[in-house]
Amino acid sequence: MFLLQALRRACARYLAPARTQLLRCDPDAISFPPGNHLPDISSQQTSDALSLAAQHLNSLNVVVFPTETVYGLGALALKSDASAKIFSTKGRPADNPLIVHVSSFTMLQTLLPPGYTMSPAYQALTKHFWPGALTLLFPRDPHIIPNIITAGQATVAIRMPSHPVARALIAVTNGPLAAPSANTSGKPSPTKAEHVLRDLDGKIPLILDGGPCDVGLESTVVDGLHADGNIRVLRPGGITVEEIERVLKLELAGGKEDTDIVIPKVLVHRRDYRDEAMEQAPTTPGMKYRHYSPSVPVTLLHTSTQPPDGQDSISVTSFFASLHSASGAKAKVGVLASTDSKIWEHVKVEDGVKWHKYTLGPVAEPAVAAQRLFDGLLTLEQEGVDLILIEEILEEREGLAVMNRVRKAVGESRWIDFNSCE
């Protein structure tokens, strides 16, 4: 009997999924000397962690690593078998393309078709925003980029991350990495290593912990390949539309108002134009499927915009009164709103509701809301709330990207009137 029990315990240990290894990487210990594609690493612990991660990647495994935007689930981009593990690990639809990450312009050149030359607009954008949170669409060379990366599209999305750990890992691995956000498909993107561990523990061999992500939202994706020369923002993100417009004007026209030089227009998908065909067969992530949703319902509170025709607003007092539980058991409601929002005046201790609060920073600083949004959703989900309320923010600067993500996360929208006396 004792021998049989020991055998069963041994088999259970053998068959149980291995726990994910979490290794700390110090971003401050990594630097890139000018003209050198390989990083200088002053910490042995960080160097060892990067070497182990590179070994996993070159063995066609997946590895999680930090970027300045969100944590990424990486695999060798030029190996179909490796990239396939991204889709199986996340449960990601096969028609949702991946972004390829490079560590240098030299690596970028190895991916582009022979004879391709970047446009003046692309040269201006890479000069100012690479390394950084900007993804550009390039023509795809099918002899180099596997079909699985682009979901059969004729273009490939590429960026050069600025996070030292991400860039060092790509360089040490000596190959470009495909890397969507490191989460189960459809859930909020992780901005901390603990977010990834909570979601994917046992499904991935290794997480490199480089601390919280600075930007907090995925990269801005730009398509500048159209014949009209205009820049199309397919997904707003860490680089704002205003920044892109400023750089194009600065670099292409020298900042002058009166010039014969034609400055490309910056058009935002779904704000300035629609492309139904591309939405059905997207060239970049985040366009077709619902994303960023926690496991609990999310309601968007419109407090600064008018409801569409046929939709009524509700007084703020009536709305919050409706949340009170009639059963006597307290409902747990999470609230995400700007620090200086009027909402907080109505989030009070009431019978029937237990409030969980998460602030998104000042109204005037949408970059803070961008940094905190996903952490807020995941924190409230972890606290076991029954419902999450998110107040809208103005769609300016980083607020455009924040509201892009919020709209994909919510299941219901309500228009709130602060002036009604109901």
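Within this structure, residue 121 passes the test of being in contact with a helix residue (DSSP H, G or I) (Cβ under 9 Å, 6 or more places away or on another chain), farther than 18 Å from residue 86 by Cβ, touching a residue at least 24 places away in the same chain (Cβ under 8 Å) and among the small types (Gly, Ala, Ser).
Please tell me if residue 114 is under 24 Å from residue 152 (Cβ atoms) and not basic (Lys, Arg). Write out each step before concluding.
On the way: under 24 Å from residue 152 (Cβ atoms): yes; not basic (Lys, Arg): yes.
Criteria met by residue 114.
On the stretch given as the stretch 47-73, residues that are polar (S, T, N, Q), crowded, with 22+ Cβ neighbours inside 10 Å and in contact with a Leu (Cβ under 9 Å, 6 or more places away or on another chain) total 1.
If only one of 198, 232 is under 24 Å from residue 383 (Cβ atoms), outside any loop (DSSP other than H, G, I, E, B), assigned by TED's automatic domain parsing to the domain that holds residue 265 and of a type outside the set (Asp, Glu), which one is it?
Details: 232 fails: under 24 Å from residue 383 (Cβ atoms).
Of 198, 232, the one residue that is under 24 Å from residue 383 (Cβ atoms), outside any loop (DSSP other than H, G, I, E, B), assigned by TED's automatic domain parsing to the domain that holds residue 265 and of a type outside the set (Asp, Glu) is 198.
What are the residues in the stretch 369-422 that are of a type in the set (Asp, Glu), out of contact with any His (no Cβ under 8 Å at 6 or more places or on another chain) and in a loop (DSSP other than H, G, I, E, B), if any? Even if it seems obvious, please write down each step before you answer.
Initial filter on the stretch 369-422 (of a type in the set (Asp, Glu)): 375, 381, 383, 386, 391-392, 395-396, 398, 412, 417, 422.
Still in the list and also out of contact with any His (no Cβ under 8 Å at 6 or more places or on another chain): 381, 386, 391, 395-396, 398, 412, 417, 422.
Selection gives 386, 395, 396, 422.
Quick one: is residue 331 at pLDDT below 75, farther than 18 Å from residue 418 by Cβ and either loosely packed, with under 13 Cβ neighbours inside 10 Å or within 34 Å of the chain's Cα centre (by Cα) (or both)? For residue 331, the condition - at pLDDT below 75, farther than 18 Å from residue 418 by Cβ and either loosely packed, with under 13 Cβ neighbours inside 10 Å or within 34 Å of the chain's Cα centre (by Cα) (or both) - is not met. Flag not set for residue 321, criterion: at pLDDT below 95 and surrounded by 19 or more Cβ atoms within 10 Å (Cβ to Cβ).
Over 18 Å from residue 20 (Cα atoms), out of contact with any helix residue (DSSP H, G or I) (no Cβ under 7 Å at 6 or more places or on another chain), assigned to a helix (DSSP H, G or I) and at pLDDT 95 or above - does that describe any residue in the stretch 168-178? Yes, because at least one residue in the stretch 168-178 is over 18 Å from residue 20 (Cα atoms), out of contact with any helix residue (DSSP H, G or I) (no Cβ under 7 Å at 6 or more places or on another chain), assigned to a helix (DSSP H, G or I) and at pLDDT 95 or above.
One residue stands out in the stretch 148-167 among those that are out of contact with any His (no Cβ under 9 Å at 6 or more places or on another chain) and part of a helix (DSSP H, G or I): the one that is farthest from residue 214 (Cα to Cα), namely 148.
The values are calculated or read from the model by the stated rules, or taken from the named source; none is laboratory data. The shown structure was predicted, so the numbers you read here are calculated from the model rather than taken from an experiment. Note: ideal-geometry Cβ built from the backbone for every residue, glycine included; neighbour counts use all protein chains shown.
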